[in-house]
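Accompanying notes for the structure given below.
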Amino acid sequence: MSQRNLEALDVGAIREAFPILQREFNGEQLVYLDNAATTQTPDPVIDAMSDYYREYNANVHRGIHHLSQEASIAYEEAHDRVAEFIGASGGREEIVFTKNTTEAENLVAYAWGLNELGPGDEIVLTEMEHHASLVTWQQIGKRTGAEVKYIRIDDDGRLDMDHAADLITDDTAMVSAVHVSNTLGTVNPVSDLVDIAHDHDALAFIDGAQAVPNRPVDVEAIDADFYAFSGHKMAGPTGIGVLYGKKAVLEAMQPYLYGGDMITKVTYEESTWNDLPWKFEAGTPQIAEAVGLVAAIDYLEDIGMDRIEAHEQELARYAYEQLGAEPDVEIYGPEPGPDRGGLVGFNLEGVHAHDLASIMNDHAVAIRAGDHCTQPLHDKLGVAASARASFYVYNTTAEIDELAVAIDNARQLFA
Amino acid sequence: MGLGSDMYRQQILDHYKNPRNYGELEDPTFTHVGENPMCGDEIRMDVQLADDGETIERVAFRGDGCAISQASASMLSGELAGTTLAELHEMDRDDVIDMLGVDISPMRVKCAVLAEKVAQDGAEIYQGDLDVDKTTTED
C-alpha cells in the first residue's frame, strides 16, 4: 500500500466541481450537511453519465453493434474498477451491482439465507444496525425459524466485543454488522468481528454504506464474506450499489432475481445460470450509473481516500467541540478519534429534532432529522428522533460554524 | 442569519411551550390516540360531548413530539369546543393550516394534521363507523 498522504484538502477547488453547492435559498447559501443520506455529485461524474447517453448508450451483453460493444465493455470494466477500489483480488466475478446497499443485503438474505437457514441457526446483528440489515434478517429469521440476536453497544456507542464473543457460537450462521454506524458514527472493529464469525464457521456480511465513501477499505484485509455499499453516498449516482462476495461463496449461491442476462441456456423446461457476477444481475442493469460510479471512484481516489478520511475526522472533531460545548446538546456515539466517522448525531434539549431541522432549513442549512432507519437504536437511546450533521470532501469548518449559529437560533426561539 | 422563521411564529411556540387544555378529562365521551412513529409524535385526545350527543363540550389532550404537532393539538383543543361532530368531520388539512396561521412545509404537514385526524378518527370510532386502535398520518 502506498504511503498515507494526509495533506489537507483544497476544499475551495473541490467545491468548484459541485455546482449544486452554489444554490441559495432566500438569499442564504446552501450549507449541505446531510452527506450520510446522500452526497452531492461532482461534474466529472455528471459528465461521464452524460457522455454515456450522448455517445454510447445501448443495451449491454446482447448487441453486435458498435454502441452495444462500447456500453458492454464500459459496464463490465466498471466491475473491475470497483474490485480494484476495494481490494477484491477476484476481480469482476466478486462484484455484483445492485440498486443500493439495502438490495445487496436482501440479495444475500434471499439467495443464501432462505436456502441455508433453519430452526437452530442463529443470525447475529448489532444493536446499531440500519433497518437495511435489521429488518431483512428479522424477516428471514421469521420465515426460516432462525433466531436473530443482537450484539450490545456500551454507553459510549461502541460494540461490546466481549458480548460479541459470547453471542457468536457454532450455532451462528451469519454475522451482519455495519462498518460505520449511520447514527452514532462509530467505526466498528469489523475485522475482529469477522474473525470471531469465522472461528465458528459463520459467514460475515459487512454493511459499508457509511465507510467506503470516506476511508480506505480493503475487503480482503477485513476478510468479509460479503461487503456492500451504495454509489450515491460516495459522490456517485443513485440507483447503483455494490455487493462484494467471495467468489466461492457467490458460486455456491442460487440466483436472487431471474430473467434475461443471468442465464446461459433456456428451454421451456429448464434454465442454466450465467457465470459470476452476471448470475446475480438479471435484466438490463444500471449502465449509466455504473459509468458514473467509476467516475466517482476515479474522482475520490484522485483526492486520496486517506486524505478524505483525515478531512472528515477533522470536521467531526470540530463539530463535536463546537456543538458539545453547550450543556443542552447531547451528542451520540464515541468521542472523536480513529473509531469515529464523520457524522455527528445529536439532540438539543427541549427541541424536537424535526423542529431543529426545520429551523435550520429556514437558514439553508441541510441536516437530517428522524430515526435514520435505526428505530430500535433510538429506542435504546431513549429518544424518538435525533438530528444528524454529516460531512464530505466539500465541507468546511465555517459551515459547522453556521450549523452552531443555527442551533443557537433554535435555542433562543424555544427558550 | 436572523432569528426569523416561517413556521415557528410566536403563536406556535406559545402553544408548544404553554399547551392549552393539556391533561385528561374526568369522564370523556371518547378517547383516542395517534402516533407518528417515524417522527415520534404522540397525541392522546379526550372529548366530552354535550347532552345532545353531537356538540363537543370540552377537549383535553396529552402528547409528546415536535412543536408543530403539539401546538396544533393545543390550538385544536380550543377550536373544537362548541363545534359539532359533523363540523369536525368536515375539517380538512387546509383548515388546520389556516388555524396554525403559518406556512407548513410539505414534509411537516403530517405533524400539523395529526391532532385533527385523532379527533376525527376518535369521533368515527365513537359513532361506530371506524375500527382502528391508533391513528397515524405518516402513511
Would you confirm, using the coordinates I've provided, whether A:Glu326 is open to solvent by 10 Å² or more (accessible area, probe 1.4 Å) and either more than 12 Å from chain B (Cβ to nearest Cβ) or assigned to a strand (DSSP E or B) (or both)?
yes
Does A:Ala173 qualify as being in a strand (DSSP E or B) and buried (at least 18 other Cβ atoms within 10 Å of the Cβ)?
yes
Take residues that are closer than 30 Å to A:Gly27 by Cβ and open to solvent by 10 Å² or more (accessible area, probe 1.4 Å) and tell me which of the strands (runs of 3 or more DSSP E) falling wholly in the range A:331-405 contain 2 or more.
A:368-370
Sort out which residues of the range A:383-412 are among the small types (Gly, Ala, Ser), within 11 Å of another protein chain (Cβ to nearest Cβ) and under 15 Å from B:Met38 (Cα atoms), and write them in order of number.
A:Ala384, A:Ala385, A:Ser386
If you go through the range A:150-168 one residue at a time, do you hit one that is touching a residue at least 40 places away in the same chain (Cβ under 8 Å), more than 16 Å from A:Asp195 (Cα to Cα) and open to solvent by less than 10 Å² (accessible area, probe 1.4 Å)?
yes
In the range B:109-120, how many are surrounded by 21 or more Cβ atoms within 10 Å (Cβ to Cβ) and in contact (Cβ under 8 Å) with a residue 60 or more places away in the chain?
6
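Output yes when any residue across the range A:206-213 is at pLDDT 95 or above, on the phi > 0 side of the Ramachandran plot and in contact with a Ser or Thr (Cβ under 8 Å, 6 or more places away or on another chain), and no when none is.
no
Which of the residues spanning the range A:76-89 are outside any helix (DSSP H, G or I) and crowded, with 18+ Cβ neighbours inside 10 Å?
Within the range A:76-89, A:Ala88 is the sole residue that qualifies.
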Out of A:Ala398, A:Ala406, A:Ala389, A:Ala385, report the one residue that is in contact with a Cys (Cβ under 7 Å, 6 or more places away or on another chain) and within 21 Å of A:Ala316 (Cβ to Cβ).
A:Ala385
Can you tell me which residue in the range A:102-141 is farthest from A:Ile287 (Cα to Cα), limited to those that are open to solvent by less than 10 Å² (accessible area, probe 1.4 Å) and of a type in the set (S, T, N, Q)?
A:Thr126
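The values are calculated or read from the model by the stated rules, or taken from the named source; none is laboratory data. This one's a predicted model, so the numbers in the text were calculated from it and none came from an experiment. With ideal geometry, Cβ positions are generated from the backbone for all residues, glycine too; neighbour counts draw on all protein chains shown. To get the accessible areas, we keep the full protein, side chains included, count just its heavy atoms, and leave off ligands, DNA and RNA. Shrake-Rupley method; radii C 1.70, N 1.55, O 1.52, S 1.80 Å.
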